[in-house]
């Protein structure tokens, strides 16, 4: 089983190591501009890693780009929910924001374990549990073919429980991925309007670093919602997604 | 040694005992004069003050053994009745006990006002002032009078409309043994201190009392009824049960609460309503520079002190002041509310020479005078002498052993760096998804494959296993069990011979062995009612197990 899990992590093999190391060196020397570009290069090479997003957020924060930094850290936290350093950085950055907003939720309350597990971890757990149930079924089939008696009741129940548990965790993982609709305002200030186009009324103004949830989207605009229930449309250029798999593009 | 201890163990003593030291006019209490391990000649006299009357009741003797030591107590009982208000003494008593002069100290007894006369009413409710001012403390008194043996009594509080109960003082309950025309009776009182809070005419609702008396005997019914019976009436259950329950209620108490005069109210009015007096005293009149002197400020009165705060200590006039936490003590005594505030303040002189600590002025409202009154203390005079070297600097040695450390102050905040410098990669689920799916599906595919293999090869579960499983699940009904056993035998025999079970014959079974043939024959016989079925089952089990 351990071997299986390790094999499953083969897809997470090392990529983007060179630009990442270069970015860390640049960050240590205080060259935040080069650090940010190196971290971005690592991302482009496929290194969607919490350490990369952590470093990218730090370099952007040093450059005064609080909004993109918040987006980068939020992505890092999505990949490593138990990373206290990233969470502490976000807390510090939030103190300097103009809008005092509750960050949007990242999963349903019923799937509480998703707050401590990354999608990769819960995916591995789900696959391992389902595989265990299936391996027990294979063992039962082998017993039949070898003219041995059926498996004991406890073993059969283990297979059933393991399989159901795996399916439940898999379901929660899919749901958590679907809930991943967060975004961060990266413009200094943006009006949130009631409708698309000139007919829309300005409802409220959000400032850089505000964390929102995206409910709907067009080619040019996104319908955002706040935790307190307020909704409105903003231009897509003012937003940066917190989904780690989305491209990380920061306007210069 | 033992002989030396005997006189000490038997040393005579004289003691005076009284149940309570607070009486009211008309109340009588027993007083006991105890002579321990001794004897007196004649009947001792009990001297009492002018406001008391003493009457000898009798004497008794008892012996008690404690730790193998015998103690003889002679007890003389007197009934002491209060006749005048005031503080009076019971005793002292000087006697010759076994020839030795002995002395018992006097006891001081405070005699207060008697309960209000309630005539024939068994319960009454009164208020100490029916026209109080807002903020004034009044005492609500509930009185219950009875002259029958009381088993139990429970009272229900009325609603004190327009009042709040004084927060620092609890209601008190007292009991008085009284005499009326030579007849004893008991009065129980419950007193509740209240603070007037509303204004205008208010009404305190009736207080209810449920009392259980010991029931009268039947023949007592023929006697002339006593006054308490006339008041209460006979309970319908009184003649049959052992107790008689009565529910009594007081009348409502009307009260008119007056507002404080607002026109003349001084700006520094402290909120205190009542009669107050204040004192301030110092433990010493001379103090050295650099040392402190403690002043004690006391405010006593009959008003509530809840929420009262002293005026800010005067500072900067040649001295500094440090206040302790004030102590507030309140009580109900003799039906009146008493309050007392004590504050200790440390005064640290800052100049050498004569120093005057100014008086403390508290503006109160006096319901008695119907005016605002300033309650002042006298100023305190101190003589400040030059101190030792370094005088003028107050040195405190109190906290030398305390923890001198302080919390680390934050000078700034910053983001936390990347702590991991290992290999990075794609940590998204999408990257690992193919591996995860294949890892999970592989055993599923293997399971399907094995199923197909089993189907194709026609290999199913071992028939012997099935036979054994059937053997474990034999029916309970004897006829069905026998049929199942026969079927099991035939299937096991057919399996051994490699023929179909339905076409099995005795000749074919004989090919397996004599035991099998005998079992076959016995099964046939038992089916028609002969032979031992239990013994047969054991043989079938052995045959199937052996196959």
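The values are calculated or read from the model by the stated rules, or taken from the named source; none is laboratory data. Because the structure is a prediction, the values reported are computed rather than measured. Heads up, the Cβs are rebuilt from the backbone with ideal geometry, glycines too, and the neighbour counts pull from every protein chain shown.
Kindly evaluate residue B:506 against the criterion of being free of Cβ contacts under 8 Å to residues at least 40 places away in the same chain and exposed (fewer than 12 other Cβ atoms within 10 Å of the Cβ).
yes
For residue B:439, state whether it is buried (at least 16 other Cβ atoms within 10 Å of the Cβ), modelled with pLDDT of 85 or more and either closer than 30 Å to residue A:140 by Cβ or away from chain A (no Cβ under 14 Å) (or both).
Considered against the rule, which asks whether it is buried (at least 16 other Cβ atoms within 10 Å of the Cβ), modelled with pLDDT of 85 or more and either closer than 30 Å to residue A:140 by Cβ or away from chain A (no Cβ under 14 Å) (or both), residue B:439 comes out as yes.
Exactly one condition in (1) more than 8 Å from chain B (Cβ to nearest Cβ); (2) over 36 Å from the mean Cα position of the chain (by Cα); (3) in a helix (DSSP H, G or I) is false for residue A:158; which is it?
With (1) more than 8 Å from chain B (Cβ to nearest Cβ); (2) over 36 Å from the mean Cα position of the chain (by Cα); (3) in a helix (DSSP H, G or I) applied to residue A:158, the lone miss is (2).
In segment B:458-474, is there at least one residue being in contact with a helix residue (DSSP H, G or I) (Cβ under 8 Å, 6 or more places away or on another chain), within 7 Å of another protein chain (Cβ to nearest Cβ) and farther than 30 Å from residue A:245 by Cβ?
Just the residues of segment B:458-474 that are in contact with a helix residue (DSSP H, G or I) (Cβ under 8 Å, 6 or more places away or on another chain), to begin with: B:459-461, B:463-464, B:467-468, B:470-471, B:474.
Filter once more, so that each one left must be within 7 Å of another protein chain (Cβ to nearest Cβ): B:459, B:461.
Retained after the next criterion (residues that are farther than 30 Å from residue A:245 by Cβ): B:459, B:461.
Scanning segment B:458-474, I find at least one residue that is in contact with a helix residue (DSSP H, G or I) (Cβ under 8 Å, 6 or more places away or on another chain), within 7 Å of another protein chain (Cβ to nearest Cβ) and farther than 30 Å from residue A:245 by Cβ, so the answer is yes.
Could you figure out which of (1) over 24 Å from residue A:114 (Cβ atoms); (2) touching a helix residue (DSSP H, G or I) at 6+ places or on another chain (Cβ under 7 Å) isn't true of residue A:146?
Every condition holds for residue A:146 apart from (2).
Taking the stated definitions as given, is residue A:183 surrounded by fewer than 19 Cβ atoms within 10 Å (Cβ to Cβ), away from chain B (no Cβ under 14 Å), in contact (Cβ under 8 Å) with a residue 60 or more places away in the chain and outside any helix (DSSP H, G or I)? Steps first, answer last, please.
Details: surrounded by fewer than 19 Cβ atoms within 10 Å (Cβ to Cβ): no; away from chain B (no Cβ under 14 Å): yes; in contact (Cβ under 8 Å) with a residue 60 or more places away in the chain: yes; outside any helix (DSSP H, G or I): yes.
Here the answer is no, as residue A:183 does not meet what is asked.
Scan segment A:204-222 for residues that are touching a residue at least 40 places away in the same chain (Cβ under 8 Å) and away from chain B (no Cβ under 14 Å) and jot them down.
A:206, A:207, A:208, A:210, A:211, A:212, A:213, listed by residue number.
Just to verify a result, which residue in segment A:42-52, among those that are facing chain B (nearest Cβ under 8 Å) and outside any helix (DSSP H, G or I), is nearest to residue A:88 (Cα to Cα)?
First pass over segment A:42-52, keeping only residues facing chain B (nearest Cβ under 8 Å): A:42, A:46-52.
Add one more test, that the residue is outside any helix (DSSP H, G or I), and what stays is A:46-49.
Values: A:46: 26, A:47: 23, A:48: 21, A:49: 18 Å.
The extreme case among them is A:49.
Residues in segment B:242-258: is at least one exposed (fewer than 12 other Cβ atoms within 10 Å of the Cβ) and at pLDDT below 80?
Keep residues of segment B:242-258 that are exposed (fewer than 12 other Cβ atoms within 10 Å of the Cβ), which gives B:242, B:247, B:254.
Next, only the ones that are at pLDDT below 80 stay: B:242.
Within segment B:242-258 (the criterion being exposed (fewer than 12 other Cβ atoms within 10 Å of the Cβ) and at pLDDT below 80), the answer is yes, since at least one residue qualifies.
Does at least one position in segment A:106-120 carry a residue that is free of Cβ contacts under 8 Å to residues at least 40 places away in the same chain and either outside any helix (DSSP H, G or I) or within 19 Å of residue A:240 (Cβ to Cβ) (or both)?
Scanning segment A:106-120 turns up at least one residue that is free of Cβ contacts under 8 Å to residues at least 40 places away in the same chain and either outside any helix (DSSP H, G or I) or within 19 Å of residue A:240 (Cβ to Cβ) (or both).
Quick one: in segment A:29-38, of everything that is in contact (Cβ under 8 Å) with a residue 24 or more places away in the chain and surrounded by 24 or more Cβ atoms within 10 Å (Cβ to Cβ), which residue is farthest from the other protein chains (Cβ to nearest Cβ)?
A:36
Have a look at B:310, B:299, B:305 and point out the one that is part of a loop (DSSP other than H, G, I, E, B) and touching a residue at least 60 places away in the same chain (Cβ under 8 Å).
B:305
Determine whether residue A:99 is surrounded by fewer than 21 Cβ atoms within 10 Å (Cβ to Cβ), more than 24 Å from residue A:162 (Cα to Cα), more than 7 Å from chain B (Cβ to nearest Cβ) and touching a residue at least 40 places away in the same chain (Cβ under 8 Å).
Judged against the criteria, residue A:99 is a match.
Yes or no, residue by residue, for (1) surrounded by 18 or more Cβ atoms within 10 Å (Cβ to Cβ); (2) at the interface with chain B (Cβ under 7 Å from one of its Cβ atoms); (3) part of a helix (DSSP H, G or I); (4) without any contact (Cβ under 8 Å) to a residue 24 or more places away in the chain:
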| position | (1), (2), (3), (4) |
| --- | --- |
| A:54 | yes, yes, yes, no |
| A:60 | yes, no, yes, no |
| A:70 | yes, no, yes, no |
| A:82 | no, no, no, no |
| A:124 | yes, yes, yes, no |
| A:130 | yes, yes, yes, no |
| A:143 | no, no, yes, yes |
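Restricting to segment A:223-252, give me the number of residues that are within 14 Å of chain B (Cβ to nearest Cβ) and not in a strand (DSSP E or B).
Count: 7.
Listed here are the residues, each with its yes/no results for (1) surrounded by 13 or more Cβ atoms within 10 Å (Cβ to Cβ); (2) modelled with pLDDT under 90; (3) touching a strand residue (DSSP E or B) at 6+ places or on another chain (Cβ under 8 Å); (4) not assigned by TED's automatic domain parsing to the domain that holds residue A:128.
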{"position": "A:168", "(1), (2), (3), (4)": "yes, no, no, no"}
{"position": "A:200", "(1), (2), (3), (4)": "yes, yes, yes, yes"}
{"position": "A:210", "(1), (2), (3), (4)": "yes, no, yes, yes"}
{"position": "A:213", "(1), (2), (3), (4)": "yes, no, yes, yes"}
{"position": "A:218", "(1), (2), (3), (4)": "no, no, no, yes"}
{"position": "A:228", "(1), (2), (3), (4)": "no, yes, no, yes"}
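Conditions: (1) modelled with pLDDT under 85; (2) within 14 Å of chain A (Cβ to nearest Cβ). Residue B:445 meets all but one. Number of the miss?
For residue B:445, the failing item is (1).
Scan segment B:333-369 for residues that are in contact (Cβ under 8 Å) with a residue 24 or more places away in the chain and in a loop (DSSP other than H, G, I, E, B) and jot them down.
Scanning segment B:333-369 gives B:334, B:335, B:350, B:351, B:352, B:358, B:359, B:360, B:367, B:368.
Report the residue count in segment A:111-122 for those that are within 8 Å of chain B (Cβ to nearest Cβ) and surrounded by fewer than 21 Cβ atoms within 10 Å (Cβ to Cβ).
So the answer is 0.
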